[in-house]
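Presented below is the structure to which this report refers.
The values are calculated or read from the model by the stated rules, or taken from the named source; none is laboratory data. Remember, predicted model here, so these are calculated numbers, not experimental data. All Cβ positions, even for glycine, are placed from backbone atoms using ideal geometry, and neighbour counts span all protein chains on display. Side chains included, ligands, DNA and RNA excluded: accessible areas come from the protein's heavy atoms. Shrake-Rupley method; radii C 1.70, N 1.55, O 1.52, S 1.80 Å.
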Amino acid sequence: MPVQIRPSTMQDAAAIRRLYQRVSRESGGLARQPEEITDEYVQHFLSRSLAHGVGLVAEQDGQLVAEIHTYSSGLRIFAHVLGDITVAVDGSMQNQGIGRRLFQELLVRVQTAFPQVSRVELLVRESNTRAIALYEQLGFRQEGRFEGRVAGSYGLEADVPMAWHAPAR
């Protein structure tokens, strides 16, 4: 059965948490560690994306295999920006174009539902070259680089995240 993309709902919270915990166990899968994927964390971004942004899930055979969301900061001065994008694709479903489809659908929905939004922003680690290549293909452009060191898992130093943005139109 093909992968179906649909808007996320609050009823997806438990499945999204399980997906995020699986993906966070993979090297480079998510910035958060499995123990940081809590019910509160998922409820927070899910409620924000439903109220002030876009949230989508991908399902195959009734199983949630990917999720993406973005939302407004809630500050009027930044009403033209959606950010805090996170995308998670189950490891068994990667390299099948699901992440690309989610991003494309997210950007279309932003244009339709948020005509005042002129920027969609995300952060990515420099070492995540596959993601960077995808973001560039989708029209995102590097805007800045966070200087300094960021503590990585297991006490190692991790790559520095970079700021990226794409015009919403």
**Asked** If VAL108 passes every condition in (1) among the aliphatic types (A, V, I, L, M); (2) surrounded by 16 or more Cβ atoms within 10 Å (Cβ to Cβ); (3) at pLDDT 90 or above but one, which one does it miss?
**Response** (2)
**Asked** If you take the residues of segment 73-99 that are at pLDDT below 95, in a helix (DSSP H, G or I) and within 21 Å of GLU26 (Cβ to Cβ), which of them is most open to solvent (accessible area, probe 1.4 Å)?
**Response** SER92
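Name every residue in segment 1-52 that is aliphatic (A, V, I, L, M), touching a residue at least 40 places away in the same chain (Cβ under 8 Å) and over 25 Å from ARG100 (Cβ atoms), in order of residue number.
Residues of segment 1-52 that are aliphatic (A, V, I, L, M), as a first pass: 1, 3, 5, 10, 13-16, 19, 23, 30-31, 37, 42, 46, 50-51.
After this cut, where a residue has to be touching a residue at least 40 places away in the same chain (Cβ under 8 Å) as well, the list is 1, 3, 5, 10, 15-16, 19, 23, 30-31, 50.
Correct list: MET10 only.
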**Request:** Can you tell me which residue within segment 45-72, out of those that are closer than 16 Å to ALA113 by Cα, of a type in the set (Ser, Thr, Tyr) and not in a strand (DSSP E or B), is farthest from the chain's Cα centre (by Cα)?
**Result:** SER72
**Request:** Identify, from the list GLU121, GLU67, the residue that is acidic (Asp, Glu), in contact (Cβ under 8 Å) with a residue 40 or more places away in the chain, open to solvent by less than 30 Å² (accessible area, probe 1.4 Å) and under 28 Å from GLY144 (Cβ atoms).
**Result:** GLU67
